[in-house]
Ligand SMILES: Cc1cc2nc3c(=O)[nH]c(=O)nc-3n(C[C@H](O)[C@H](O)[C@H](O)COP(=O)(O)O)c2cc1C
């Protein structure tokens, strides 16, 4: 049975696509902690055509993660036609198009947030993608920013265009490309977008606490929320959210629970990539898990020199217990 748009957008908590973070293991751990909807890291549409197997690796996922979306970036509607077909071989529940990425290596190819300056091309990409998805009954979402810079904020018009071109749902991270990740996201633009379009709107940007999430829903009227940096090194934030949504209480996650999640993350990484690669890739995550803890710099240095999973996990445990968190 295919996933409905309601399944994806009715008061759902999304894990944001995060390049370098939301790989198969991190998505699994977030799902186990309580994320409702997860998305792949951004995958190049051109890459899917020219380096198919390597690009599809980023789209690998386990069935338990469903509903799961594949996010594509690119700038050529013709390329999208073929790239989407290749992405569909992985059988995702939806396709998401990245029109918000601000990084140079993406925008220099007129992709990501650069598409906000080319609304006709953006609409064409959505339209050709939608045509391919319709027979498969697979929804399409578009994720974008408030605009290119403070002089060209166009998220309302852009969102309306995306809806008219065939998007089934849209996600707004209301910062301009020029802002990158600085300052605060302007949630008022989400409120206005929600009034502007009839398709579901997913609110994104600066949700770090449960109160932020409540405020995002209340202030913007968005249909669902998406969380990125708030769960990096803290996938148990999803556990807290689900517990709040079911009981109304904000509960603390114990040290034991956190350690269990970190151990599980390591276990998933090993099963996905083998121990050697897992130890290497988990260094980034350990640095997030231990950020701000007393003595963490020293422990991170030691972790980065170790090649045995047990020793690494023991160090993390010692650090967490020493910090009594
Ligand atoms: C490390 C990192 C990687 C990101 N990678 C992607 C990506 O691949 N695709 C995308 O659409 N957005 C990406 N983003 C943007 C996030 O999905 C999200 O829109 C942004 O971080 C704002 O949400 P937050 O305040 O909850 O983090 C990335 C952000 C960060 C910090």
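The values are calculated or read from the model by the stated rules, or taken from the named source; none is laboratory data. Computed from a predicted model, the values in this text were never measured in an experiment. Every residue, glycine as well, gets a Cβ built from its backbone with ideal geometry; the counts of neighbours run over all protein chains shown.
Every residue in the stretch 35-55 that is within 16 Å of the ligand (Cβ to nearest atom) and not in a strand (DSSP E or B), please.
Step one: of the stretch 35-55, the residues within 16 Å of the ligand (Cβ to nearest atom) are 35-48, 55.
Scanning the stretch 35-55 gives 35, 36, 45, 46, 47, 48, 55.
Identify, please: which residue in the stretch 202-217 is in a helix (DSSP H, G or I), touching a strand residue (DSSP E or B) at 6+ places or on another chain (Cβ under 8 Å) and within 13 Å of the ligand (Cβ to nearest atom) and is, among those, farthest from residue 150 (Cα to Cα)? Out of the qualifying residues, it is 213. Take the conditions (1) assigned to a strand (DSSP E or B); (2) in contact with a helix residue (DSSP H, G or I) (Cβ under 7 Å, 6 or more places away or on another chain); residue 199 misses just one of them, which is (1).
Screening the candidates 306, 315 for the property of being in a helix (DSSP H, G or I) and either at pLDDT below 95 or touching a helix residue (DSSP H, G or I) at 6+ places or on another chain (Cβ under 7 Å) (or both) yields one hit, 315.
If the condition is being within 18 Å of residue 106 (Cα to Cα) and either in a strand (DSSP E or B) or within 12 Å of the ligand (Cβ to nearest atom) (or both), then the stretch 139-176 contributes 142, 143, 144, 145, 146, 147, 173, 175, 176. Across the stretch 220-244, the number of residues qualifying as within 13 Å of residue 202 (Cα to Cα) and away from the ligand (no atom under 11 Å from the Cβ) comes to 5. Residue 179 passes every criterion in (1) surrounded by 21 or more Cβ atoms within 10 Å (Cβ to Cβ); (2) under 20 Å from residue 228 (Cα atoms); (3) over 18 Å from the mean Cα position of the chain (by Cα) apart from (1).
Quick one: is residue 21 within 12 Å of the ligand (Cβ to nearest atom) and either part of a helix (DSSP H, G or I) or in contact (Cβ under 8 Å) with a residue 12 or more places away in the chain (or both)? Taking the combined requirement at face value, the residue satisfies it.
Residue-by-condition table, conditions (1) closer than 19 Å to residue 128 by Cβ; (2) surrounded by fewer than 18 Cβ atoms within 10 Å (Cβ to Cβ); (3) more than 18 Å from the chain's Cα centre (by Cα):
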{"site": "15", "(1), (2), (3)": "no, no, no"}
{"site": "27", "(1), (2), (3)": "no, no, no"}
{"site": "63", "(1), (2), (3)": "no, yes, no"}
{"site": "66", "(1), (2), (3)": "no, yes, no"}
{"site": "87", "(1), (2), (3)": "yes, no, no"}
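Looking at this structure, is residue 209 surrounded by fewer than 20 Cβ atoms within 10 Å (Cβ to Cβ) and farther than 13 Å from residue 26 by Cα? So residue 209 passes the test.
So for the stretch 304-323 (the condition being over 28 Å from residue 212 (Cβ atoms), exposed (fewer than 13 other Cβ atoms within 10 Å of the Cβ) and touching a residue at least 40 places away in the same chain (Cβ under 8 Å)), does at least one residue qualify? Taking every residue of the stretch 304-323 in turn, at least one turns out to be over 28 Å from residue 212 (Cβ atoms), exposed (fewer than 13 other Cβ atoms within 10 Å of the Cβ) and touching a residue at least 40 places away in the same chain (Cβ under 8 Å). The residue that is farthest from the ligand (Cβ to nearest atom), among those in the stretch 93-125 that are part of a helix (DSSP H, G or I) and free of Cβ contacts under 8 Å to residues at least 12 places away in the same chain, is 120. Within the stretch 57-92, the only residue that satisfies the criterion of being more than 30 Å from residue 10 (Cβ to Cβ), within 16 Å of the ligand (Cβ to nearest atom) and assigned to a helix (DSSP H, G or I) is 57.
Listed by first and then second residue, the pairs with beta-carbon distance under 8 Å, at least 6 apart or on different chains, first residue in the stretch 208-233 and at positive phi, second assigned to a loop (DSSP other than H, G, I, E, B), are 233/290; 233/291. Among the residues of the stretch 79-107, just one is over 22 Å from residue 172 (Cα atoms) and out of contact with any helix residue (DSSP H, G or I) (no Cβ under 8 Å at 6 or more places or on another chain), namely 91. Has the stretch 256-272 got at least one residue that is surrounded by 14 or more Cβ atoms within 10 Å (Cβ to Cβ) and within 14 Å of the ligand (Cβ to nearest atom)? No, there is no match, as no residue in the stretch 256-272 is surrounded by 14 or more Cβ atoms within 10 Å (Cβ to Cβ) and within 14 Å of the ligand (Cβ to nearest atom).
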